[in-house]
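Bear in mind that the values in this text are calculations on the coordinates, not laboratory data. Computed from a predicted structure; not experimentally measured. Here the Cβ is made from the backbone with ideal geometry for all residues, glycine too, and neighbour counts use every protein chain on show.
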Amino acid sequence: MNKPIETIMAGEIREIPDVIARQINEGLAGYIEAGRKAAASNPVGFVTCARGTSDHAATFFKYVMEIQTGLPVASIGPSVASIYETPLKLDNFICLSISQSGGSPDLVALQEAAKKGGASTLAILNEINSPLGHGAQTVLPVFAGPEKAVAATKSFVSSLFAILGFVAGFTQDKDLEKALRGLPDVLCAALTCDWSKAELALARAGSVFTVGRGPGLAVAAEAALKLKEACRIHAEVFSSAEVLHGPVVLADQKFAALLFDPEDRSRSSVEAAAKAMREKGAAAFSISSSMGPKMNLPVPVVTNPLVLPLIQITAFYSFVEVLAQNLGENADAPVGLNKVTVTM
């Protein structure tokens, strides 16, 4: 048997615990302080500005912030500013931009339009020396370092970490801050999780659902994207509530699903979706720290459910990179994709 090729993507995935440790030492205090200052400004809500993987991070921010504070978080389509040039009315809002490169013109246009419309601007970036970084009033670096594989991994997890640090400061949540400081060791354990039982089912599947609820919906969306871009497996993301409203009829013996157990109040909804798909013959794998059904894909136990999505997606990244290799795909440079996508 040939020894697997060491991919750039695999190396960047293994860096995730070290990136988070660097954020704890160099960034967490700044994230918390930015959150405190934002709370002191008494915003009426937030709007987000992002594309692709970074937009999944924005979805994570939406759920965490709305659940923890009750403040509304809305995503504005960048084309509203970049193509339609619509003046925005955002007095007392905060515009959060999230990007790995910070260079896409449509995101820059939306951030500028939000500022002109009365919003204060905050950017979570890997590349702070960028148009988005230069235009934002507050910049939170994620310290992921250079990311060369087309599929973003470490910059996504570090963006989620920065979001949680900001929320911990905004809500003065000491328990969340403590959970964040303990993440590197748990992430190291996540990289060793054995999900090999799911490989054959996903490789054979005609289609895959990735399912989550609340903050977990964001990592389910990220998993669907990675299955497409790294493995060329068709995958769609659904809320566990929405999948039962119709899409579940597609599930059969040629179907597979990855369900991200939120381990919070919405857990029963995800469990119901898994049960419904298994009853129809689909290979539905629950990603959970709980010992349970034969179909579970394990992740380490965490003390705070808000950090669980970071653990789940890290374990998934390790799994999907191996799956891509076994399928003969080039996860580092998928055909037709570029590292930086420039959109207007």
Residues other than Glu85 with Cβ under 15 Å of its Cβ, Lys/Arg counted +1 and Asp/Glu -1, net out at +1
Just to confirm a number: summing +1 for Lys and Arg and -1 for Asp and Glu over residues other than Gly11 whose beta-carbon lies under 12 angstrom from that of Gly11, what do you get? -4
In a Debye calculation with equal point scatterers on the alpha-carbon sites of the stretch 119-184 and no solvent, what is log10 I(q)/I(0) at q = 0.16, 0.18 Å⁻¹? -0.61, -0.75
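Tell me, what is the FRET efficiency for Gln172 and Asn326 to the nearest 0.05, using R0 = 45 angstrom and their Cβ-Cβ distance as r?
Details: r = 46 Å, r/R0 = 1.03.
For R0 = 45 Å, the calculated efficiency reads 0.45.
Once Rh for the stretch 173-212 is found with the Kirkwood sum over Cα pairs, what is the Stokes-Einstein diffusion coefficient at 4 °C and 1.567 mPa s, in µm²/s?
Working: Rh = 13.2 Å.
Translational D for this selection: 98 µm²/s.
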May I ask you to evaluate 6.51 cos²θ - 1.76 cosθ + 1.60, the Karplus curve with θ = phi - 60°, for each residue of the stretch 195-211 and list the ³J(HN,Hα) values in order in whole Hz, giving x for glycine and proline? 10, 4, 4, 8, 4, 5, 4, 6, 5, 8, 5, x, 7, 10, 9, 10, 10
Which Cα, out of Phe285, Val64, Gln100, lies furthest along the positive dipole direction of the chain (beta carbon charges, K/R +1, D/E -1)? Phe285
With a cut-off of at most 14 other beta carbons within 10 Å, and DSSP calling the residue loop, which GluC sites (Glu not before Pro) in the stretch 1-74 qualify? Please list them. Glu6
In terms of modelled amide H atoms, which long-range or inter-chain residues lie less than 5 Å from the amide H of Ser207? Ala256
Report, to the nearest 10°, how far helix 267-279 tilts away from the longest principal axis of the Cα atoms in the chain, using its own Cα long axis and a range of 0 to 90°. 30 degrees
Would you calculate a helix-derived [θ] at 222 nm for the chain, using -39,500 (n - 2.57) for each DSSP H run of n ≥ 4 and dividing by the full residue count, to the nearest 500? -14000 deg cm²/dmol
Given a 10 angstrom Cα cut-off, can you work out which residue in Ser97, Ser266, Ser318 is the most mobile in a GNM of the chain? Ser266
For the chain, the convex hull over Cα atoms projects on average to an area in nm² of 16.5 nm²
5 angstrom amide H check on Asn296, placed H, neighbours 5+ away: Ser286
Taking the chain as a Gaussian network, where each spring joins two C-alpha atoms under 10 Å apart, which residue of Gly133, Gly30, Gly118 fluctuates the most? Gly118
Given an 8 Å cut-off on Cα distances and at least 6 residues of separation, report the relative contact order of the stretch 105-187 as a percent. 19 percent
Can you list residues from other chains, or at least 5 along the same chain, whose modelled amide H is less than 5 Å from the amide H of Ala331? none
Apply the Karplus curve 6.51 cos²θ - 1.76 cosθ + 1.60, θ = phi - 60°, to the phi angles in the stretch 127-139 and return the couplings in whole Hz, x for Gly and Pro. 9, 6, 7, 8, x, 5, x, 5, x, 7, 6, 10, 10
Explain nothing, just compute: Karplus ³J(HN,Hα) = 6.51 cos²θ - 1.76 cosθ + 1.60, θ = phi - 60°, for every residue of the stretch 164-177 in order, whole Hz, x for Gly and Pro. 5, x, 4, 5, 4, x, 4, 9, 6, 9, 5, 5, 5, 4
So, over other residues within a Cβ distance under 12 Å of Ile233, counting Lys, Arg +1 and Asp, Glu -1, the net charge is 0
Candidates Gly216, Gly292, Gly206; GNM for the chain (alpha-carbon contacts under 10 Å) flags as most fluctuating Gly292
